[in-house]
Amino acid sequence: MKNIKIRIKEMVREAFNKLPGYENMEEKEISIMPASRPEFGDFYTNAALKAAKERNASPQKLASDLCGKLAEMKPDFLAKAEVKNGFINFFVNNSVYFDFIKNVHESSGSVLQMPCAGEKKVLIEFVSANPTGPLTIAHGRQAAFGEALARILKYAGFEVVKEYYLNDAGRQIKLLGQSLKARYMQLNGKEASIPEEGYEGEYLIELAKKLKEFREQEDVFFDRFASESILGGIKEDLRAFGVTFDSWINETSFIREGSVNRLIEELKKKGLLYLSDSSWWFKSSAYGDEKDRVVIKSDGSLTYLATDIAYHENKIKRGFDTLVNIIGPDHHGYIPRLKAAVEVLGGNPENFTPIIVQLTTLYRGKEKLSMSTRKGQFISLRQLIDEVGPDASKFFFIFRKTDSHLDFDLELAKKKSLENPVYYLQYAYVRMKHILKFAEEKGMDFSGMKPDFSLLKEEEEIIIAKKVAGFSGIVESVVQTYGVHLLAEYLLELSRAVHSYYQKHRVVNEGEKDITFARLVLINALFEVFSRSLELLNISLPDSM
RNA sequence: GCGCUUGUAGCUCAACUGGACAGAGCGUUGGCCUCCGGAGCCAAAGGCUGUGAGUUCAAAUCUCACCAAGCGCACCA
């Protein structure tokens with residue numbers, strides 16, 4: 001079944017076509033939006049206001065002309081359309097929503113699977129933390145968001161690849177190796193100190209203990225041992241968190257294959273690199289960056305930007321239409337130069353989509369937990385998972401939009417009360433399951449029956465039917481805006497609908513088989529969208545509490 | 001000093017990208033347990049959208065200037 005919004009849109013377009021001077025309205029000129037209050041119907045459009053302005057006409061008159069045409073067309077799904085203040089309000093027949101419920105029932109939910117995105121390849125690069133320390137909660141939020149976004153885009157029909165870019169070369173790894181070596185020496189009773197700007201976290205002491213039985217080692221050994229062990233820990237944490245990657249790609253591979261050097265020569269030939277102060281600069285300022293950036297330092301070594309350019313060339317060559325980079329706010333200054341790189345490499349800068357995920361502040365009740373990565377005082381993602389669990393963590397990370405700073409209260413996340421939205425969700429989920437199970441246990445036989453939705457007249461039942469039908473619209477909004485939190489909010493709305501309905505009306509009544517069946521079908525459809533939404537957000541809920 | 005993000009009910013946050021009287025949850029106050037799990041439901045109170053101007057039929061949303069918080073401003077990532 002076609003999305004009700006699309007059907008209204010097509011109808012409005014047709015009505016426009018019947019009015020002289022308004023033929024061939026552009027796609028974006030007609031937007032159909034959910035109404036904000038009941039007296040405005042189910043949906044409304046401001047198309048008349050916009051179109052009239054463009055053409056210096058009276059919006060009121062245009063709106064009522066349009067409405068006249070709509071009335072002539074008499075679409076079966078519309079109860080009425082009326083004009084108010086130049087807006088056109090649409091009142092949809094409730095039967096449309098129940099038809100949809102019926103479809104969900106008959107297809108066992110597969111009608112909910114509706115690709116709406118068209119064929120497009122999307123690369124989502126996220127987390128990409130250096131293997132120099134355990135993942136932090138900042139990475140956790142990025143991981144939770146990236147995974148959910150990937151699932152939703154895939155659901156909508158995109159081809160999606162989740163990728164982790166591994167900085168496994170360079171100064172940071174050296175510093176890490178030296179820090180580990182210092183810890184190792186200390187454990188063996190020798191004088192040694194962590195290098196300037198080195199890593200002081202306790203995790204290196206733990207790692208050094210594992211090395212205790214080894215003899216004196218070369219520096220390279222420490223570099224490799226430290227980064228490989230830490231990477232192993234990162235992978236374990238991600239597994240515990242339920243986040244997976246389709247592809248791991250190493251910085252060193254671009255250096256080893258020579259693609260960095262080749263690319264640098266090409267850019268030199270194109271005049272995009274120049275020599276100054278015995279180092280090579282990328283002309284990023286010509287593409288919107290505030291200044292040019294060094295790619296080869298005066299000592300001859302490469303900056304990270306050099307390999308990043310090679311990496312993004314690689315992304316483009318693999319044929320992705322959209323490049324999503326999920327990063328923390330501390331890297332936002334890096335965006336203009338990467339965008340410049342994408343542009344000179346022949347990619348479309350419009351499709352380069354950086355998403356900045358703002359920081360999370362942890363609270364324990366009222367107490368703010370301060371964090372410093374360098375000193376090694378922080379709550380790692382692993383500690384968070386151990387304390388509040390992966391599912392509650394993921395929900396809290398996801399249900400705020402990415403560009404707002406997040407306050408995460410550990411006490412709240414663990415509370416078993418309705419202050420905690422995760423419990424509210426769980427309870428709704430369990431209630432639905434319980435109803436369905438209860439009905440089954442009663443052994444009522446519905447075989448051969450068709451649900452009669454005309455029996456469902458309660459306000460709460462109509463609300464549920466509308467919410468279920470709204471699922472595809474929510475998915476569509478997420479695809480357009482990358483606002484994953486919209487789906488989390490939708491889940492809370494569904495939960496509210498469940499609790500409210502449950503409180504007022506009994507679903508399973510042995511004496512009234514017809515209405516029981518219709519209600520069960522409704523609850524089942526609701527359960528179906530509920531489960532799918534959870535799956536898209538990568539959150540699992542227990543079957544009982 | 002410059003740049004990015006944020007500022008909305010007591011608290012945590014929405015507002016479908018410029019739409020109608022700015023909405024939820026928690027908290028507060030007052031009601032609901034014969035009956036599928038009351039870990040719930042219903043109702044009320046609560047707002048000059050940080051401040052001040054501007055753009056237009058229409059601004060929380062766009063422009064400018066201030067104020068406040070966070071983060072950046074390297075031949076570090």
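Values as computed for the structure displayed
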read-out	value
Enumeration of residues in segment A:173-182 that are within 11 Å of A:Ala226 (Cα to Cα), out of contact with any helix residue (DSSP H, G or I) (no Cβ under 6 Å at 6 or more places or on another chain) and either outside any helix (DSSP H, G or I) or aliphatic (A, V, I, L, M) (or both)	A:Leu175
Subset of segment A:41-69 that is at negative phi and touching an Asp or Glu at 6+ places or on another chain (Cβ under 9 Å) - its residue that is farthest from RNA strand B (Cβ to nearest atom)	A:Lys69
Conditions (1) crowded, with 18+ Cβ neighbours inside 10 Å; (2) of a type outside the set (Gly, Ala, Ser); (3) farther than 28 Å from A:Ile355 by Cα: number failed by A:Glu440	(1)
Condition met for A:Glu119 (within 10 Å of RNA strand B (Cβ to nearest atom) and either out of contact with any helix residue (DSSP H, G or I) (no Cβ under 9 Å at 6 or more places or on another chain) or closer than 26 Å to A:Glu23 by Cβ (or both))	no
Qualifying position, being in contact with a strand residue (DSSP E or B) (Cβ under 8 Å, 6 or more places away or on another chain) and surrounded by 20 or more Cβ atoms within 10 Å (Cβ to Cβ), among A:Phe241, A:Phe245, A:Phe225, A:Phe254	A:Phe245
Of all residues in segment A:345-362 being among the hydrophobic types (A, V, I, L, M, F, W, C) and without any contact (Cβ under 8 Å) to a residue 60 or more places away in the chain, the one that is nearest to RNA strand B (Cβ to nearest atom)	A:Ile356
Unique match (being near RNA strand B (Cβ under 8 Å from one of its atoms), within 21 Å of the chain's Cα centre (by Cα) and not in a loop (DSSP other than H, G, I, E, B)) among A:Asp407, A:Asp403, A:Asp391	A:Asp407
Yes/no for A:Lys466 being more than 12 Å from RNA strand B (Cβ to nearest atom) and surrounded by fewer than 20 Cβ atoms within 10 Å (Cβ to Cβ)	yes
Residues of segment A:21-56 classified as surrounded by fewer than 10 Cβ atoms within 10 Å (Cβ to Cβ) and among the small types (Gly, Ala, Ser), total	2
Conditions (1) in a helix (DSSP H, G or I); (2) in contact with a Gly (Cβ under 9 Å, 6 or more places away or on another chain); number of the one not met by A:Lys209	(2)
Unique match (being surrounded by fewer than 24 Cβ atoms within 10 Å (Cβ to Cβ) and within 16 Å of RNA strand B (Cβ to nearest atom)) among A:Ser128, A:Ser110, A:Ser95	A:Ser128
Every residue from segment A:456-486 that is assigned to a helix (DSSP H, G or I) and either among the hydroxyl-bearing types (Ser, Thr, Tyr) or more than 24 Å from A:Asp99 (Cβ to Cβ) (or both)	A:Ser472, A:Ser477, A:Val478, A:Val479, A:Gln480, A:Thr481, A:His485, A:Leu486
Any hit, segment A:183-203, residues being within 21 Å of A:Gly140 (Cβ to Cβ) and touching a helix residue (DSSP H, G or I) at 6+ places or on another chain (Cβ under 8 Å)	yes
Test: A:Pro20 is over 30 Å from A:Lys450 (Cβ atoms), modelled with pLDDT of 85 or more, over 36 Å from the mean Cα position of the chain (by Cα) and outside any helix (DSSP H, G or I)	yes
So A:Tyr203, is it in contact with an Asp or Glu (Cβ under 9 Å, 6 or more places away or on another chain), in contact (Cβ under 8 Å) with a residue 24 or more places away in the chain and among the hydroxyl-bearing types (Ser, Thr, Tyr)	no
Filtered residues of segment A:252-276 (kept if farther than 30 Å from A:Ser227 by Cα and within 16 Å of RNA strand B (Cβ to nearest atom))	A:Leu273, A:Tyr274, A:Leu275, A:Ser276
Identity of the residue in segment A:410-441, within 26 Å of the chain's Cα centre (by Cα) and small (Gly, Ala, Ser), that ends up farthest from RNA strand B (Cβ to nearest atom)	A:Ala413
Qualifying positions in segment A:274-329 - more than 30 Å from A:Lys120 (Cα to Cα) and either in a helix (DSSP H, G or I) or among the polar types (S, T, N, Q) (or both)	A:Ser276, A:Ser278, A:Ser279, A:Ser285, A:Ser298, A:Ser301, A:Thr303
Unmet criterion (only one of (1) at pLDDT 95 or above; (2) within 16 Å of RNA strand B (Cβ to nearest atom)) for A:Asp237	(2)
Subset of segment A:277-289 (residues that are near RNA strand B (Cβ under 7 Å from one of its atoms) and either closer than 14 Å to A:Ile335 by Cβ or of a type outside the set (D, E, K, R) (or both))	A:Ser278, A:Ser279
Unmet requirement for A:Pro451, which otherwise passes all of (1) part of a helix (DSSP H, G or I); (2) more than 9 Å from RNA strand B (Cβ to nearest atom); (3) in contact (Cβ under 8 Å) with a residue 12 or more places away in the chain	(1)
Residues located in segment A:221-258, provided they are aromatic (Phe, Trp, Tyr) and outside any helix (DSSP H, G or I)	A:Phe245, A:Trp248
Pairs with Cβ under 6 Å, 6+ apart, first in segment A:304-315 and over 14 Å from A:Pro349 (Cβ atoms), second part of a helix (DSSP H, G or I) and near RNA strand B (Cβ under 8 Å from one of its atoms)	A:Thr307/A:Glu251
Filtered residues of segment A:411-435 (kept if surrounded by 18 or more Cβ atoms within 10 Å (Cβ to Cβ), of a type in the set (A, V, I, L, M, F, W, C) and at pLDDT below 90)	A:Leu412, A:Ala413, A:Val422
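The values are calculated or read from the model by the stated rules, or taken from the named source; none is laboratory data. Since the structure is predicted, the reported quantities are computational estimates derived from the model, not experimental observations. So basically every Cβ, Gly included, is an ideal-geometry build from the backbone, and we count neighbours across all protein chains shown.
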